[in-house]
């Protein structure tokens with residue numbers, strides 16, 4: 001900060017000039033070429049940006065996911081390279097710096113300096129100051145049929161014009177800070193992935209038994225009753241009622257076991273669905289991804305809950321967690337693939353799940369294995385929870401520092 005202070009004292013000791021966005025920048029909204037005309041979306045060479053580009057590829061972009069042909073560009077006029085696109089409707093308060101000539105959809109307003117201001121700006125500084133503009137946009141919304149920024153007030157937003165030397169030093173500092181943040185994120189995610197791989201290795205090792213002697217392998221249908229669910233679209237969910245486990249939530253929400261459900265259904269709906277008692281396992285039968293088929297959650301809650309289609313309830317007398325952990329192993333993954341059917345949608349039926357052989361050591365050994373895996377699971381989950389918290393803390397620190405660097409005293413006219 002002292003270096004910036006010295007530059008400000010040297011080049012703008014009496015403050016920084018501010019002018020309105022409309023005075024400084026050309027502004028044009030993007031648009032979507034007609035979808036009815038197939039030629040607008042065939043053999044495209046011109047990048048056409050949407051919010052998905054920012055979500056998938058970041059905020060400094062040199063290409064788009066989708067392209068349109070020159071014939072789809074109104075008047076043949078592209079937005080120039082090194083322009084800012086800023087979301088002024090729908091998902092408001094997001095922006096990106098585009099380094100190539102381009103077009104965008106109507107959710108974005110494109111900004112680039114007018115000729116008299118081109119030499120006054122480092123566009124990377126403009127990019128960083130647009131984080132301040134993002135916050136202003138989120139607080140200045142008009143609503144009619146959909147949310148949009150108050151564009152009349154937007155045009156009068158006062159934008160600073162610090163000396164180039166100050167802009168460039170701010171860019172250098174924020175680029176460095178952003179690089180450090182990205183490195184930290186990569187390191188934390190690498191550590192989490194290493195823990196997950198270590199955990200998977202020990203889980204596979206603990207749940208691997210010689211095929212001959214010692215631990216018997218028994219088809220699931222011989223020691224458990226498998227009940228295929230039916231019905232229960234998400235439209236059946238209610239704010240309260242009987243707990244319900246939806247098969248899709250097993251992919252995305254539940255861990256190895258659960259004592260509370262994410263969703264509920266009415267008593268009338270629950271009466272028609274498969275019942276899940278404490279200790280039962282709910283396992284998925286269907287997905288577009290074979291890795292998701294056979295994912296399971298052990299229900300350890302006290303109350304009876306229900307489940308619907310594309311899931312099977314496994315009723316048994318074994319250690320529920322032991323079975324749920326086994327369903328995560330490489331051995332089970334290979335076994336289920338033998339019974340998978342379908343191409344776009346893959347299914348392993350309850351009848352075929354019942355054929356898969358499961359190693360069943362004595363209950364005491366199951367309990368011992370579960371105790372070890374629970375400890376490993378807790379370590380990985382602690383790191384999984386800590387990673388977002390650590391990243392969020394660093395981002396807030398970065399945002400605070402960025403906001404300080406981008407706060408200027410306005411020069412008196």
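Listing for the model above:
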quantity	calculated
Cα→Cβ-extended label distance, 7 Å offset, between residue 185 and residue 200, nm	2.3 nm
FRET efficiency, 1/(1 + (r/R0)^6) with R0 41 Å, evaluated for residue 60 and residue 253 via beta carbons	0.75
Computed over the chain, Cα set: Rg, Dmax in Å	28.8, 91
Theoretical FRET efficiency, 1/(1+(r/R0)^6), r = Cβ-Cβ of residue 412 and residue 351, R0 56 Å, to 0.05	0.10
Mean projected area in nm² (Cα convex hull; one quarter of hull surface) for the range 264-321	4.4 nm²
Size-normalised alpha-carbon gyration radius of the range 107-184, reference 2.2 N^0.38 Å	1.31
Evaluated at q = 0.10, 0.21 Å⁻¹: base-10 log I(q)/I(0), Debye formula over Cα of the range 1-100	-0.42, -1.16
For peptides 391-402, 85-96, sequence by mean Cβ density within 10 Å, most packed first	85-96, 391-402
On Cα atoms only, tilt of 164-206 relative to the major axis of the chain in degrees	10 degrees
Percentage, to the nearest whole number, of Cα pairs in the range 17-161 over 23 Å apart	34 percent
Spatial separation of Cα centroids for the range 245-272 and the range 123-145, in angstrom	40 Å
Extension gain (nm, one decimal) between residue 192 and residue 134, 0.36 nm per residue minus Cα-Cα	17.7 nm
C-alpha long axis of helix 363-405 to longest principal axis of the chain, angle in °	10 degrees
Between 0 and 90°, nearest 10: helix 2-11 axis offset from the chain longest Cα axis	20 degrees
For the range 58-160, share of DSSP beta bridges that run antiparallel, in % to the nearest 5	85 percent
Difference of contour (0.36 nm per residue) and Cα-Cα distance, residue 225 to residue 28	64.5 nm
Ordering of 160-166, 220-226, 104-110, 210-216 by packing [mean C-beta count within 10 Å, highest first]	104-110, 160-166, 220-226, 210-216
With eigenvalues of the C-alpha gyration tensor scaled by 5 and rooted, the range 82-137, Å	19, 14, 9
Percent of beta bridges antiparallel (DSSP, the chain, rounded to nearest 5)	85 percent
Spatial extent of the range 320-407: Rg and Dmax, with the Cα atoms as the point set, Å	22.0, 67
Cα radius of gyration and Dmax for the range 130-173 (Å)	14.2, 44
Per-peptide average of other Cβ atoms within 10 Å, ordering 244-251, 337-344 highest first	244-251, 337-344
Percent breakdown of C-alpha pair distances by 5 Å bin, ordered from the shortest bin, for the range 212-360	2, 10, 21, 24, 20, 13, 7, 3, 1, 0, 0
Convex hull volume per residue for the range 197-240, taking Cα atoms only, in Å³	191 Å³
Calculated FRET value between residue 275 and residue 119, using beta carbons and R₀ = 60 Å, to 0.05	0.25
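Rule-based calculations on the coordinates, nothing more; no lab input. Remember, predicted model here, so these are calculated numbers, not experimental data. Here Cβ is always computed from backbone atoms with ideal geometry, including for glycine, and neighbour counts include all displayed protein chains.
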